[in-house]
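Structure first, then comments.
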Amino acid sequence: MKFIAREKTLQELNIGGSVVTAALEEACGVSRSKITEMYNELGDLGDVALACRQTQRLLAPPSPLLIKDLLSTLRKISVQTGSGSTARKRSLIVNLMRSCREKEMKFLVRTLVRNLRIGAMLKTVLHALAQAVFISSSLKIYKEGMVENLKEKLQNFSASVLDAYNILPNFDLIVPSLMGKGIEFSSSSLSMVSGIPIKPMLAKITNGISQALKIFENKAFTCEYKYDGQRAQIHKLADGSVRVFSRNSDDTTSKFPDLIKIINELCKPAASTFILDAEVVAVDRKNNCRLMSFQELSSRGRGSKGSLIAVDSIKVDICVFVFDIMLANGEQLLGLPLRRRRKYLKDLFGDGRLGYFEYAKEITIEKDDACLNCESTLIKLNCFLGDAFQSSCEGIMVKSLDVDAGYFPSKRSDTWLKVKRDYLEGLNDSLDLVPIGAWHGNGRKVGWFSPFLMACYNPDTEEFQSVCRVMSGFSDAFYVKMKEFFSGDNILCKKPAYYQTAEVPDMWFVPQVVWEIRGADLTVSPVHQAAVGLVHPSRGISIRFPRFIRSVPDRNPDECSTATDIAEMFSSQTRKMDVASGD
Ligand code: ATP
């Protein structure tokens, strides 16, 4: 269900627990107070729905609920808007519920409330899809005597499906192509479509300029300011419209009418379609377009679904800093080196417009100067890093220009490195973690949650692994907000099997939000289980003196810092712990 909502040809389902409860009341004839009582006991609306169905007497078994009918009803639900939409949604759900047999009821309701609780993440679904197509093509494989190295072939096939999804995250387009091509399918069977956001390329952490220089030795590279704003993937569609997507692939167009205007004014009329990668940053126009913090930007209104916020209501001005282009006039540019992609960018947008549309500030180091003992290069890089800090940037990005310099969607690759201020402060980087539980606060914090138990994600095992307790950096208002947020459907009745920790908080939360956490350093821990098995066989990694920095709204819980990120940060920490002896 999560991926239905993410497909940008479709809308979010936007159904709250109360609509589902009302539908359940009507479909099963159970009172609301009874449903609440059952929910308090079972802790899951799907289990409640199943129990309601099991006690219901039906005169005749319902006719089968077919997947295609279910999908078409979900699509109908997703496009209901405006007055009376809640009643229409409820009535569609009641019809679905009436067609459910046995356990179908449980999974229908869990689907509607977008909490299937089967531990299957998107990656698992993609692997399963690849495996299903691969196996169903096995007759051809046997006929053609391709039986050798089947496991490896399946792995490669799965990787192709994943790559295809990263550039075209839309099952409506991938599945028919997969079914049509069978094992002949490869990621190049499909190409990007403007209007469908691709998974953005990500950067690796380094512990400073010397490490970056070592990685790029004898290769031409570029350094760009790492702006502290919000990532924006800007699409020009074939119909001439412009759309903006967040790092998380959410459509944020309504938030940026001024950005749309400037793009329309600047891009050459010949540009039919394009996809750009950029950072939108808040600027103070009265003060020489001084860059402002991410917090300023996040105070900008969001606009309602489908309609842009009014330009004259905008209180925070922005400048977009463009750093990449992935599609130009229908031509997919992912495989071209960055140096050539930049040329496409400039051909489309010329010199840009100061304070409104700029290219990320950069310096280029050609391969002959890319060596550790080249003093002038070191000085140049350090000055550039200092300038970036002076300009309120987070640090710099170091990117390969010619060798392996393609755009790799969703990959955190060695060809994009980041050097951040945090490195100078001890820990190489902050972590993006998910609150998975909390204790009831004491003293001044009675009535709130404190501390929160924070976790990273391990995509290989699909588990959230605890990293630390955090109890500093929050404002009182934030505590109040979180007390309201973590209630009802956001509380789990017991620890789920996919939470790995030796901590026992008072409450377990549904993984819903991501927070940026910074600390002094990383240490091996017998309690926390982050990256267990990667650094130490039975102990995890924990962060010392953690403090909350900010919410990261444009990231899903399964896109938070991973176990591998934490293991890598641990090993690049200059003051390493003696792993063998633990703490
Ligand atoms: P962080 O919290 O450090 O921003 P992240 O996980 O969001 O990390 P990374 O890929 O690790 O993303 O770092 C790159 C991020 O930095 C991008 O997501 C983008 O929002 C931002 N950014 C700012 N300036 C640039 C730039 N010149 N090139 C690439 N990314 C940039």
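The values are calculated or read from the model by the stated rules, or taken from the named source; none is laboratory data. Everything quoted here is computed from the prediction, not taken from an experiment. In this analysis, Cβ positions are derived from the backbone assuming ideal geometry, glycine residues included, and neighbour counts consider all displayed protein chains.
At-a-glance table
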| item | result |
| --- | --- |
| The range 492-510, subset assigned to a loop (DSSP other than H, G, I, E, B) and of a type in the set (Val, Ile, Thr), residue farthest from Val524 (Cα to Cα) | Val510 |
| Among residues of the range 18-34, those that are exposed (fewer than 15 other Cβ atoms within 10 Å of the Cβ), assigned to a helix (DSSP H, G or I) and small (Gly, Ala, Ser), counted | 2 |
| Any hit, the range 119-129, residues being part of a helix (DSSP H, G or I) and of a type in the set (Val, Ile, Thr) | yes |
| Residue within the range 370-386 that is of a type in the set (D, E, K, R) and either part of a strand (DSSP E or B) or within 14 Å of the ligand (Cβ to nearest atom) (or both) present | no |
| Near pairs, Cβ below 6 angstrom, 6+ apart or cross-chain, from the range 205-226 (in contact (Cβ under 8 Å) with a residue 24 or more places away in the chain) to any residue that is assigned to a helix (DSSP H, G or I) and within 13 Å of the ligand (Cβ to nearest atom) | Asn207/Tyr423; Gly208/Tyr423; Cys223/Phe384; Tyr225/Ala388 |
| Ile77 under 26 Å from Leu492 (Cβ atoms), aliphatic (A, V, I, L, M) and modelled with pLDDT of 90 or more | yes |
| Test: residue in the range 531-541 that is under 21 Å from Glu484 (Cα atoms), at pLDDT 90 or above and among the basic types (Lys, Arg) | no |
| Single unsatisfied condition, Asp347 versus (1) closer than 26 Å to Lys199 by Cβ; (2) within 16 Å of the ligand (Cβ to nearest atom) | (2) |
| Output for the range 198-234, where each listed residue is in a helix (DSSP H, G or I) and either within 9 Å of the ligand (Cβ to nearest atom) or hydrophobic (A, V, I, L, M, F, W, C) (or both) | Ile209, Ala212, Leu213, Ile215 |
| Any pair with Cβ under 7 angstrom, 6 or more apart, that starts in the range 103-125 at a residue that is free of Cβ contacts under 8 Å to residues at least 60 places away in the same chain and over 20 Å from Pro62 (Cα atoms) and ends at one that is in a loop (DSSP other than H, G, I, E, B) and of a type in the set (Asp, Glu) | none |
| Val504 being more than 20 Å from the chain's Cα centre (by Cα), farther than 27 Å from Thr124 by Cβ, of a type in the set (A, V, I, L, M) and buried (at least 18 other Cβ atoms within 10 Å of the Cβ) | no |
| Pair list, Cβ under 7 Å, 6 or more apart: the range 391-406 residue over 30 Å from Met292 (Cα atoms) and without any contact (Cβ under 8 Å) to a residue 24 or more places away in the chain, other residue within 13 Å of the ligand (Cβ to nearest atom) and assigned to a strand (DSSP E or B) | Asp404/Thr415 |
| Residues (surrounded by fewer than 18 Cβ atoms within 10 Å (Cβ to Cβ) and without any contact (Cβ under 8 Å) to a residue 40 or more places away in the chain) located in the range 239-257 | Asp239, Gly240, Ser241 |
| Qualifying residue in the range 320-334 (condition: within 16 Å of the ligand (Cβ to nearest atom) and either in contact with a Pro (Cβ under 6 Å, 6 or more places away or on another chain) or of a type in the set (Phe, Trp, Tyr) (or both)) | yes |
| Within the range 235-253, considering residues that are of a type outside the set (Ser, Thr, Tyr) and under 14 Å from the mean Cα position of the chain (by Cα), the one farthest from the ligand (Cβ to nearest atom) | Asp251 |
| Residue in the range 298-316 that is free of Cβ contacts under 8 Å to residues at least 24 places away in the same chain and either outside any loop (DSSP other than H, G, I, E, B) or within 16 Å of the ligand (Cβ to nearest atom) (or both) present | yes |
| Residue that is closer than 17 Å to Tyr227 by Cβ, under 21 Å from the mean Cα position of the chain (by Cα) and either at pLDDT 95 or above or of a type outside the set (Asp, Glu) (or both), where the choices are Leu345, Leu297 | Leu297 |
| Residue check, Gln56 in contact with a Cys (Cβ under 8 Å, 6 or more places away or on another chain) and part of a loop (DSSP other than H, G, I, E, B) | yes |
| Residue within the range 435-444 that is small (Gly, Ala, Ser), within 16 Å of the ligand (Cβ to nearest atom) and modelled with pLDDT under 90 present | no |
| Yes/no for Phe256 being more than 16 Å from the ligand (Cβ to nearest atom), modelled with pLDDT under 95 and over 26 Å from Met569 (Cβ atoms) | no |
| Gly330 surrounded by fewer than 14 Cβ atoms within 10 Å (Cβ to Cβ), among the small types (Gly, Ala, Ser) and either touching a residue at least 24 places away in the same chain (Cβ under 8 Å) or touching a strand residue (DSSP E or B) at 6+ places or on another chain (Cβ under 7 Å) (or both) | yes |
| Complete set of residues in the range 479-505 that are out of contact with any helix residue (DSSP H, G or I) (no Cβ under 9 Å at 6 or more places or on another chain), touching a residue at least 12 places away in the same chain (Cβ under 8 Å) and over 18 Å from Asp44 (Cα atoms) | Val480, Met482, Lys483, Gln500, Thr501, Ala502, Glu503, Pro505 |
| Among (1) within 15 Å of the ligand (Cβ to nearest atom); (2) among the polar types (S, T, N, Q); (3) out of contact with any Leu (no Cβ under 7 Å at 6 or more places or on another chain) - the single one Asn264 does not satisfy | (1) |
| Condition check for Pro553: assigned to a loop (DSSP other than H, G, I, E, B) and within 16 Å of the ligand (Cβ to nearest atom) | yes |
| Positions within the range 66-112 being under 21 Å from Gln54 (Cβ atoms) and of a type in the set (S, T, N, Q), in sequence order | Asn95, Ser99, Thr111 |
